[in-house]
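**Student:** Please read through the structure below; I'll follow up with questions.
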Amino acid sequence: QAGDAPGSRMEPKFCSLHPLQVTIKSLGWTNWVIAPDRLYPNYCQGLCPRILRKGLNSPNHAIIQNLVNELVNQRVPRPCCVPYQYSPISILLKEDNGTILYKEWKDMNAQSCTCR
Amino acid sequence: RVNPQSLAAAFELPFLQEMTGKTPKSSFTGQSLQYMRDLYYRSASPEGLPWENRTLGATSVRLVPASAWTGISTRGPWYVQSLEYPMAMDWERQILVRTAVVYPSVLRRSGTQFLCQVKAETRENKPNAVERAFQVVSTQSYKPTAWQESDITAYIRQRLRKARGWFSFWLHWECRRQRARGSFRTRWRGKANSDTPFLLLYFNDTQQGYQEVGTPLHRRVR
């Protein structure tokens, strides 16, 4: 019996973490940044499911917003796929006054995603 | 394609202000740059991820080169030099954890041991407010093997409190070469300006958005 081959239909891609690598050169920061030479900020992309599973770490608000979208008012959007956990990075910088700065910035790389 | 107004607004964020200030001066010497590179790779991976077991004890370390210096006097066993360092701390955003002076490579490369006395003299950035009080901040024996630092945190903390963040001070180095293998005739090497000691300021940013420190302050045993 004829039917769709697996994977031929566009399946919704649910919210997940996507790797992203950016070079310091592409950001135009080579005048200031000594190290590292690239960043790994990553990003979150995908649909938030109607039934939020536990691993997404969604707050109660997201569950209510989903219910409102489903049952009350479709103009209220479903929750968005956004970063949940981040990791810090260390950067070595040249400063304009002739000093060199080592600095740790927090919340620079996305580590996991959530729907909220 | 970006709206210039929104781009300008983005560049008012502290993170981008620090990342993309004015084009830096090209006065970074190989020595200080190499020191900071070493410090960086001891504290973070090549991808920029801070190591779990890093021992900096601070979220930021600033290397301050001397802004002025007298010529190096190297008569016989003596090495004498005076250097000026501008100090600028943002009291509202930065908490000083540690201050250290890293001694010049001219000592490191000379192949003998030194006994050095470092004296400090503060000059506040106000007219008629020059404080001419020499204070011995460190007496230390230097081995010609690796980078060594003199901790002058107590002195700097005291001065910072008094000057509310802005002052400059002079460091006077008086080092005596220890009699090693019976001679002072070994020639001095590396008298370039790049051999001047530099200052390291270890501090934590209190502003929201910076990494909090969990590791305790690591001090070198003297």
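**Student:** How would you rank B:R157, A:R78, going from fewest to most other Cβ atoms within 10 Å of each one's own Cβ?
**Tutor:** Values: B:R157 14, A:R78 18.
Listed from fewest to most nearby Cβ atoms, that is B:R157, A:R78.
**Student:** Could you list B:Y35, B:Y41 in order of exposure, starting from the residue whose Cβ has the fewest other Cβ atoms within 10 Å?
**Tutor:** Values: B:Y35 18, B:Y41 15.
Least to most surrounded, the residues fall as B:Y41, B:Y35.
**Student:** Using the structure shown, select from A:K13/A:K54; B:K119/B:K162; A:K106/B:K162; A:K54/A:K106 the pairs with a Cα to Cα distance greater than 28 angstrom. Working shown, then result.
**Tutor:** Working: A:K13/A:K54 17 Å; B:K119/B:K162 19 Å; A:K106/B:K162 32 Å; A:K54/A:K106 26 Å.
Listed pairs above 28 Å: A:K106/B:K162.
**Student:** Name the long-range amide H neighbours of A:R38: under 5 Å, sequence gap of 5 or more, or other chain; modelled H, no Pro or chain starts.
**Tutor:** A:I24
**Student:** Could you go through segment B:37-48 in sequence order and give the Karplus-derived ³J(HN,Hα) for each residue, using 6.51 cos²θ - 1.76 cosθ + 1.60 with θ = phi - 60°, rounded to whole Hz, and x for Gly and Pro?
**Tutor:** Each residue's phi maps through the Karplus curve to give 4, 4, 4, 4, 6, 6, 9, 8, 6, x, 7, x Hz.
**Student:** While we're on this one: Once the other residues with Cβ under 12 Å from the Cβ of A:K25 are scored (Lys, Arg +1; Asp, Glu -1), what is the net sum?
**Tutor:** With Lys, Arg at +1 and Asp, Glu at -1, the neighbours total 0.
**Student:** Find out how many positive minus negative residues lie around A:A62, taking Lys and Arg as positive, Asp and Glu as negative, among other residues whose Cβ is under 13 Å from that of A:A62.
**Tutor:** So the surrounding residues net to +4.
**Student:** Considering the dipole of chain A built from charges on the beta carbon (Lys and Arg +1, Asp and Glu -1) around the Cα centre, which of A:Q85, A:I51, A:N109 is farthest to its positive end?
**Tutor:** Highest projection toward the positive end goes to A:I51.
All of the numbers you see were taken from the coordinates with simple rules; none came from a lab. Bear in mind that the values here come from a model prediction, so they are computed numbers and not experimental data. A quick note on method: Cβ atoms are made from the backbone with ideal geometry, for glycine too, and the neighbour counts reach across all protein chains shown.
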